[in-house]
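Engineer: Here it is, the structure in full.
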Amino acid sequence: GVHRQILFTTVGWFVGYYLVKRTEYVHAKLDRELFEYVRQHPEDFKIAEKRRIGELLEDFYPVR
């Protein structure tokens with residue numbers, strides 16, 4: 001009956017809440033490790049110079 005639906009809804013909500021928190025924790029931990037690695041090895045992650053959009057695109061030749 002209705003009491004089972006309420007029970008399953010409540011259980012589902014708590015399980016979903018736990019899974020979301022666990023996922024956020026895992027991603028935050030991975031981000032922290034990656035940022036720390038980047039900070040410790042700056043020679044591997046050099047900032048590229050900015051290029052204009054014209055340097056990125058090929059010349060346009062219309063085909064008739």
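A short reminder: the numbers here are calculations on the coordinates, not readings from a lab. Given the structure is predicted, the values throughout are model-derived calculations rather than measurements. Every residue, glycine as well, gets a Cβ built from its backbone with ideal geometry; the counts of neighbours run over all protein chains shown.
Engineer: Calculate one ³J(HN,Hα) per residue across segment 55-64 by plugging θ = phi - 60° into the Karplus curve 6.51 cos²θ - 1.76 cosθ + 1.60, and present them in order as whole Hz with x for glycine and proline.
Structural biologist: 6, 7, 8, 7, 5, 9, 10, x, 9, 10
Engineer: Testing the spin-label approximation: label points 7 Å from Cα along Cα→Cβ at Phe8 and Leu57. State their distance in nm.
Structural biologist: 5.6
Engineer: Cross-link candidates for Lys29: which lysines have Cα within less than 30 Å, leaving aside residues fewer than 8 places away along the same chain?
Structural biologist: Lys21, Lys46
Engineer: At 7 Å along Cα-to-Cβ for each site, give me the label-to-label distance between Arg22 and Phe35 in nm.
Structural biologist: 2.5
Engineer: For the chain, set up a Gaussian network in which alpha carbons nearer than 10 Å are linked by springs, and say which option among Val38, Val15, Val26 fluctuates the most.
Structural biologist: Val15
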